[in-house]
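The values are calculated or read from the model by the stated rules, or taken from the named source; none is laboratory data. Source: prediction; values computed, not measured. Virtual Cβ from ideal backbone geometry, glycine too; neighbours counted across all protein chains shown. In case anyone asks, the SASA skips ligands and DNA or RNA and just uses the protein heavy atoms, side chains included. Shrake-Rupley method; radii C 1.70, N 1.55, O 1.52, S 1.80 Å.
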Amino acid sequence: MKIAILTGGGDCPGLNGAIKWVTKSALDPKNSENRAISFEVVGITQGWKGIIEVDPDDPKSCEKYIKHLDEETVRTWDRYGGTNLGTSRTNPFNPKNDRSAKVIDNIKKLGIDVIVAIGGEDTLGVAYKLHKLGIKTVGIPKTIDNDLMGTEYSLGFDTAINVIMEEIDRLRTTAGSHGRIFVVETMGRHAGWLALQGGECSGAYIILIPEHPFNMERVCELLRQRHGREINYSIIVVAEAAKPAGGLEFVKDAHLDDFGHESIGGIASYVATEIQNKTGFESRHIILSHLQRGGTPSARDRLMARWFGIAAVDMIINEDFGRMVSLSRGEISGAPMKEIINKLKLVDVEKYYDTERYNGRRTII
Ligand code: F6P
């Protein structure tokens, strides 16, 4: 069986580990010894774009888009962030330019039996559509936003909240020296998990998330209360998609990508300016941006990448196609892709957020 692995959407630490472990697990001699199955593994470069652009009849093109993967090639990959296969936000089912027939044709011409798609809701949505069209696919969840349904964990999230924590630890000393307020903008296109958990583990005073539009007056009131207690600085964490009550998300670039998303951001600058104008407290903002997706994977991302990669090969062996490997109640499990697409796992405000303090919950009532 020929397995092709691809990574789609925004990159993050953990992708290379997942590629390594799909490869290692598939090529384990135990598969042929004990189960009479043998695999060949290739990587498709640049996500779905690679399988659209490749010309199966042109060896040069195949060299560019299809990489042979073996144990030696992937041996050290789990230590590195990013994706050695490259990625793209290309959508073969984009209604304005549907190239799904080309994808199916190329998969057949290249003799690919199954695709392992590593990605978020967009990438796995494509994998599900292909599955419905008769292509064997399995998914591995990845997104620093951790907003995929059907899994408690998506690759990249842990490294990203560690980056947020480390950067806030750094900001705290300079904020304290100058007696300033720092507004830190995290990623999170729809969900507030990064801001909430990044803010909680770094002891931010205020955390603003998209699931609960905020009131600027209340933010200022909370700051006045704290600064009245002789504390001279504050850290505020704001998710890029957070918005003032009655307002809209801040759009950085209205150009839509292939999946119809605009690029959002800019809320931290608004919040810092409003605070300074309304309270007189000196305020600065910082956008952590792609730093959150860079660097080497945390221990948790390396482990999860390993376990997810192994589980994906198990799914293939069991012919459990159209499914995504997942973490459910702390155990490696699986979920039908059908149930995870066109939905998002947002922060349950009732359960996790204190709407008066604008922070993570501190009591259970
Ligand atoms: O989906 C992951 C994510 O990092 C979002 O949090 C963010 O809004 C988006 O990707 C940024 O995308 P790009 O790397 O294309 O700017």
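List every residue pair whose Cβ atoms sit under 7 Å apart, with the two residues 6 or more apart in sequence or on different chains, where the first one lies in segment 1-20 and is among the polar types (S, T, N, Q) and within 16 Å of the ligand (Cβ to nearest atom) and the second, anywhere, is open to solvent by less than 10 Å² (accessible area, probe 1.4 Å) and assigned to a helix (DSSP H, G or I).
7/15
Against the definition (at pLDDT 95 or above, of a type outside the set (Asp, Glu), crowded, with 17+ Cβ neighbours inside 10 Å and closer than 30 Å to residue 1 by Cα), how does residue 241 come out, yes or no?
no
Here are 315, 304: which of them is away from the ligand (no atom under 15 Å from the Cβ), buried (at least 19 other Cβ atoms within 10 Å of the Cβ) and under 20 Å from the mean Cα position of the chain (by Cα)?
Result of the check over 315, 304: 304.
Looking at this structure, is residue 84 modelled with pLDDT of 95 or more, in a loop (DSSP other than H, G, I, E, B), under 22 Å from residue 342 (Cα atoms) and out of contact with any strand residue (DSSP E or B) (no Cβ under 7 Å at 6 or more places or on another chain)?
Criteria not met by residue 84.
For (1) touching a helix residue (DSSP H, G or I) at 6+ places or on another chain (Cβ under 6 Å); (2) over 25 Å from residue 1 (Cα atoms), each residue gets a yes or a no:
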| site | (1), (2) |
| --- | --- |
| 263 | no, yes |
| 271 | no, yes |
| 277 | no, yes |
| 280 | no, yes |
| 285 | yes, yes |
| 292 | yes, yes |
| 296 | no, yes |
| 316 | no, no |
| 320 | no, no |
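Need the failing condition index for residue 260 against (1) at negative phi; (2) away from the ligand (no atom under 12 Å from the Cβ), just the number.
Checking residue 260 against (1) at negative phi; (2) away from the ligand (no atom under 12 Å from the Cβ), the one that fails is (1).
Among (1) within 16 Å of the ligand (Cβ to nearest atom); (2) aliphatic (A, V, I, L, M); (3) open to solvent by 20 Å² or more (accessible area, probe 1.4 Å), which single condition is residue 133 missing?
(1)
Considering only residues that are over 14 Å from the mean Cα position of the chain (by Cα), of a type in the set (D, E, K, R) and assigned to a helix (DSSP H, G or I), which ones fall in segment 270-301?
Passing the criteria: 274, 278, 300.
If you check 255, 261, which single one turns out to be in contact (Cβ under 8 Å) with a residue 40 or more places away in the chain, closer than 30 Å to residue 123 by Cα and surrounded by fewer than 16 Cβ atoms within 10 Å (Cβ to Cβ)?
Sole residue among the options that is in contact (Cβ under 8 Å) with a residue 40 or more places away in the chain, closer than 30 Å to residue 123 by Cα and surrounded by fewer than 16 Cβ atoms within 10 Å (Cβ to Cβ): 261.
Restricting attention to segment 204-217, and to residues there that are closer than 23 Å to residue 232 by Cβ and either assigned to a loop (DSSP other than H, G, I, E, B) or charged (D, E, K, R) (or both), which single residue is least open to solvent (accessible area, probe 1.4 Å)?
204
Is it the case that some residue within segment 219-235 is aromatic (Phe, Trp, Tyr) and assigned to a helix (DSSP H, G or I)?
No, that holds for no residue.
Output yes when any residue across segment 153-169 is within 16 Å of the ligand (Cβ to nearest atom), of a type in the set (Asp, Glu) and within 16 Å of residue 290 (Cα to Cα), and no when none is.
Yes - at least one qualifying residue is present in segment 153-169.
Over 14 Å from the mean Cα position of the chain (by Cα) and on the phi < 0 side of the Ramachandran plot - does that describe any residue in segment 146-161?
no
For segment 312-365, give me the residue count where each residue is over 30 Å from residue 217 (Cβ atoms) and among the aliphatic types (A, V, I, L, M).
Within segment 312-365, residues that are over 30 Å from residue 217 (Cβ atoms) and among the aliphatic types (A, V, I, L, M) number 13.
Pick out, from segment 1-81, the strands (runs of 3 or more DSSP E) lying fully within it that include 3 or more residues that are surrounded by 24 or more Cβ atoms within 10 Å (Cβ to Cβ) and within 28 Å of the chain's Cα centre (by Cα).
Per the criteria, 2-7, 40-44.
Looking at (1) within 16 Å of the ligand (Cβ to nearest atom); (2) in the same structural domain as residue 167 (by TED's automatic domain parsing); (3) of a type in the set (Lys, Arg), can you tell me which one residue 345 breaks?
(2)
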